[in-house]
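Notes for the one structure printed next.
Values quoted throughout were computed directly from the atomic coordinates according to the rules given, and no laboratory measurement underlies them. What you are looking at is a predicted structure, and each value in this text was computed from that prediction instead of being measured. Cβ sites come from the backbone with ideal geometry, for glycine too, and all protein chains shown count toward neighbours.
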Amino acid sequence: MYCHSGLGSAPLALIRNAGTAVQVSGIEQRINFDCELFEWDKIYINPLYGMCNPARDFDRILQLYDNGDMKLEELVTKTYTLETLADGFDDMLNGRIAKGVIVIDSSTEEQA
């Protein structure tokens with residue numbers, strides 16, 4: 001079962017024994033739940049990085065990207081500079097973008 005964070009702990013009550021509920025968005029608030037919902041081997045997954053293990057997976061992901069087998073640019077809704085970062089947060093919080101990326105231009109940074 002895939003669930004949105006707005007459902008709280010309801011997905012755990014709806015899945016079968018030994019079932020898995022996968023959260024598909026971030027949690028911005030605390031969720032109170034009954035620990036008995038985890039009886040019978042139920043699993044609730046909040047997949048940060050899609051359950052990626054960076055030490056194991058990042059090299060493979062970069063290889064897929066370099067070979068053209070993984071499309072990343074198509075996932076970016078909009079890019080932002082450090083100067084427009086506030087706009088990016090506003091767009092994110094108001095649901096105007098799915099994935100925003102901050103582009104840092106090293107040529108404009110001051111030399112140490």
Length gained, Ala10-Phe33, 0.36 nm per residue minus C-alpha separation, equals 7.4 nm
Ranked by Cβ crowding within 10 angstrom, fewest neighbours first, how are Lys71, Lys42, Lys99, Lys78 ordered?
-> Lys71, Lys99, Lys78, Lys42
Contour minus end-to-end for Phe89 and Thr77, with contour as 0.36 nm per residue of separation and end-to-end as the Cα-Cα distance?
-> 3.0 nm
What distance in nm separates the simple spin-label points at Asp105 and Ile43, each placed 7 Å from Cα in the Cβ direction?
-> 4.6 nm
Taking amide hydrogens as modeled 1.01 Å from N in the peptide plane, which residues meet the under 5 Å criterion relative to Val22, leaving out close sequence neighbours?
-> Tyr2, Cys3, Ile45
Report the extension gain between Tyr65 and Val22 in nm, rounded to one decimal, defined as 0.36 nm multiplied by the number of residues separating them, less their alpha carbon distance.
-> 12.9 nm
